[in-house]
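The values are calculated or read from the model by the stated rules, or taken from the named source; none is laboratory data. No experiment lies behind these values; they were computed from the predicted model shown. Reconstructed Cβ throughout: ideal geometry from the backbone, glycine too, with neighbour counts over all protein chains shown. The accessibility values were calculated without ligands, DNA or RNA, using every heavy atom of the protein model including side chains. Shrake-Rupley method; radii C 1.70, N 1.55, O 1.52, S 1.80 Å.
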Amino acid sequence: MTPDSTRTEELPIYASLIRERGDVVEEARVVAEETQHQMTQALNGVAVAPHETGAH
């Protein structure tokens, strides 16, 4: 499967779900990147300010 074969415009059901429910995959990606950044800082001894979960 190539990346082009999973484009959103080719998957009308997926596009409809994103409109109705939001892009959960993108939200998960953002949270994962933030978590990775925080863990890198923590492992390097940098204090990380607490972040409230669930706040949007």
Next item on the list: Could you check, for the stretch 13-27, whether at least one of its residues is at pLDDT 65 or above, acidic (Asp, Glu) and not in a helix (DSSP H, G or I)?
Entry: yes
Check: How about the stretch 7-46: which of its residues are aliphatic (A, V, I, L, M) and touching a helix residue (DSSP H, G or I) at 6+ places or on another chain (Cβ under 8 Å)?
Finding: 15, 18
Note to self: Where the second residue is open to solvent by less than 90 Å² (accessible area, probe 1.4 Å) and at pLDDT below 95 and the first is farther than 26 Å from residue 14 by Cβ and small (Gly, Ala, Ser) and lies in the stretch 24-42, which pairs have Cβ atoms under 9 Å and are six or more apart or on separate chains?
What the structure shows: 42/48
Notebook entry, point to check: Name the residues in the stretch 7-39 that are among the acidic types (Asp, Glu) and open to solvent by less than 100 Å² (accessible area, probe 1.4 Å), would you?
Noted result: 10, 23, 26, 27, 34
